[in-house]
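Scroll down for the structure; my scribbles are underneath it.
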Amino acid sequence: MNELNRANALHPEELDERKYLQSLTEQALRRGLMTQREFESLEEGLAALLAAQADRLNGGRSSSIRVEQAQELLSGLLFTLSLPLKACPTPDAALERLRTESLASLEAQGLEQIRRRLSVCRLMQQRLLSALFRTPNRFYRLTIEGGINGFFKLYRPQFFPQETHITADYPPLLGRPILDGVEFIEGYLREIEAENAILRRFDPDDVHRLLLSLSREYAGSPINLLEPVLLSALGLALLEKNPWRLNLTADDQAHLQSLLAPLELSALRDQLSQALTKLRDSLPAHAFAYAERCLTLLARHVHAALREGLTARVFPIPSGVESEAALLLSYGERMPNDEYRHLVAELNGLTGDARVQQTLAKVSSLADFTDLLADLPWRREEIEQLVRLLPDADFLALMHLYPDESLLERPSERWLHEALTARRDALAPDAKRRFEAALARIHD
Amino acid sequence: METNLSLLIGQGALLERQAARDLLALNDETAAHGLRLSESQALSLVAARTDSLKKTGRVEFGGGVIERLIRAFCDSPYLTQENYAQTLGELIDLFYEFKNETLDLLSDAELVSFMKQAFDGPCAGSIDLLAWQALPALAQHLHEGGSLKSFRLDTEAWV
């Protein structure tokens, strides 16, 4: 193979972002760019790193660990090593770096990258929370605050940097990034940042009325807020109307149907793209770029809906319901991560009444409580006792957070919902009426 | 690159022979107690460790567990030259099994020390009592939130 062919011989599109090092070496071996001896030397280096990691993990107390844990440590090492390689301008440059630099050096650089990116993620989250779009949809704030905080709490970049821990319930329009660990969180936060910037261009009450028209229960559902808002704005822009009030009418719907339904997908996408350019000057650059990336998906949804005569699904007319005076629900301030980890370890060693009493004594924020629900194994009777002993305000807040059993996956969450429902049902009729009224007025 | 753990932490024949040589080197220490391993016994013990690791779903980095067991047990009044190799083999099995059963809460040193104390004490040299009474009782104690320090090594505490 001559020098010209050898340069750029690795194909970037054949590399796996989630298994970069593995796919890089596999391709290199396949194309004869790495020898078997080089590969074996790499494996020996990995084995040495793995031994050191295992030793660090158990503090030198044990010469053996479980296979599953060793596998996770190995995955973690491969994740860390992949980061400085991904930063190379080309895969060939990455391969050259793998050949010439020690694995220990690559590992150190990878860890440093993880730490820097974690700091960036924390800043992104803080910035988001300080300017979060106001919506009653509980998944929006819960995920960005509670979910992401949960990630920071549980993330162990030294040993398991590939773990994500959280489910990130709020779904971005482009979907959750298909990445792991800090890369996932970084990508997810960038998407949410862009969506939030777009949403903030609109009046929250206008958005609320628009989303109510799609579902009265949208506040309690993990749905994407941006799509109906953006489509409504684009529809208005296509009709040369003010896109920022989200006030499509029935005539507008009919007009959009006749304008767009006859178009093939690519032509429809072009129309939406032209409409988007009218919004460009009012959006931050990164938000506009994100909206552009969403166009193909939006066009597909519009195309499919119009073919079925479901114009209202993609270009909804806002509901006439005014938002009522609302109770503001605070998620509360979380305890510091170290304190939380200590509490988890303590509660792990307790069961029954002891665990319930200690939880009630030590936990003062809803955020910490919901985290504990996810991070510890609970028994049904413990959950039931907790709910019985909860102060009224906390009971109300939890009933708001867990209104619908069908959305709950964990047994502990389902038991919580059942226990909360049982406590509510046991209220005297007047008290129950007052409780329901207060519940209906809660906003996050 | 297939990230196959067994490829990375291979126990090739060369490594096993080296490990066996390390065990034979301990004969100088154990001879004082009338205990010696032959070459074939040493090789069998190393193979037994590999099998035991596989059976219990564990991987070992570096080694040293067999050496630790030998050093701890060589002065046991219940070990003789006749039962030495076999007992060591059984202790190796028990060690890895109960590293799992005790949820890795104990260090290697702590577990070996407990096994020795129990073996020489209430178990009176019986591997069966160690395997079916003392170690399971300890594991249960740890599962219930207890610690090694708070475990009573007497028969009343056993299942």
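The values are calculated or read from the model by the stated rules, or taken from the named source; none is laboratory data. Every value quoted in this text rests on a predicted model; they were computed, and no experiment measured them. Note that we place each Cβ from the backbone using ideal geometry, even for glycine, and neighbour counts take in every protein chain shown.
Brief remarks on what is shown
- Inside segment A:248-269, residues that are under 32 Å from the mean Cα position of the chain (by Cα), of a type outside the set (A, V, I, L, M, F, W, C) and surrounded by fewer than 16 Cβ atoms within 10 Å (Cβ to Cβ) make up a count of 1.
- Wholly within segment A:50-166, helices (runs of 4 or more DSSP H) carrying at least 1 residues that are closer than 30 Å to residue A:203 by Cβ and over 17 Å from the mean Cα position of the chain (by Cα): A:103-130
- The requirement of being at pLDDT 95 or above, away from every other protein chain (no Cβ under 14 Å), more than 30 Å from residue B:96 (Cβ to Cβ) and surrounded by 15 or more Cβ atoms within 10 Å (Cβ to Cβ) is fulfilled nowhere in segment A:67-82; no residue meets it.
- Of the candidates B:30, B:50, the single residue that is modelled with pLDDT under 95, hydroxyl-bearing (Ser, Thr, Tyr), under 17 Å from the mean Cα position of the chain (by Cα) and assigned to a helix (DSSP H, G or I) is B:50.
- Some residue of segment A:193-209 being polar (S, T, N, Q), part of a helix (DSSP H, G or I) and at pLDDT below 95: no
- Selected residue [outside any helix (DSSP H, G or I) and over 32 Å from the mean Cα position of the chain (by Cα)] from A:42, A:33: A:33
- Under the condition of being surrounded by fewer than 16 Cβ atoms within 10 Å (Cβ to Cβ), away from chain B (no Cβ under 12 Å) and in contact (Cβ under 8 Å) with a residue 12 or more places away in the chain, the residues counted in segment A:32-44 number 1.
- Selected residue (criterion: nearest to the other protein chains (Cβ to nearest Cβ)) from residues of segment B:31-57 that are within 16 Å of residue B:20 (Cβ to Cβ) and of a type in the set (Lys, Arg): B:49
- All positions within segment A:45-66 that are more than 8 Å from chain B (Cβ to nearest Cβ), hydrophobic (A, V, I, L, M, F, W, C), more than 21 Å from residue A:96 (Cα to Cα) and crowded, with 17+ Cβ neighbours inside 10 Å: A:57
- Boolean, residue A:136 is crowded, with 19+ Cβ neighbours inside 10 Å and either among the acidic types (Asp, Glu) or over 20 Å from residue A:34 (Cα atoms) (or both): yes
- Residue A:289 of a type in the set (A, V, I, L, M, F, W, C), touching a residue at least 24 places away in the same chain (Cβ under 8 Å) and at negative phi: yes
- Residues located in segment B:143-159, provided they are under 24 Å from residue B:75 (Cβ atoms), surrounded by 15 or more Cβ atoms within 10 Å (Cβ to Cβ) and more than 19 Å from the chain's Cα centre (by Cα): B:151
- Index of the failed condition, residue A:216 passing every other in (1) surrounded by fewer than 19 Cβ atoms within 10 Å (Cβ to Cβ); (2) part of a helix (DSSP H, G or I); (3) of a type in the set (D, E, K, R): (2)
- Within segment A:350-397, the residues that satisfy the criterion of being within 27 Å of residue A:152 (Cα to Cα), among the polar types (S, T, N, Q) and more than 14 Å from chain B (Cβ to nearest Cβ) are A:357, A:359, A:364, A:365, A:370.
- Checking each residue in segment A:174-188 for being farther than 28 Å from residue A:53 by Cβ and out of contact with any Lys or Arg (no Cβ under 9 Å at 6 or more places or on another chain) picks out A:175, A:176.
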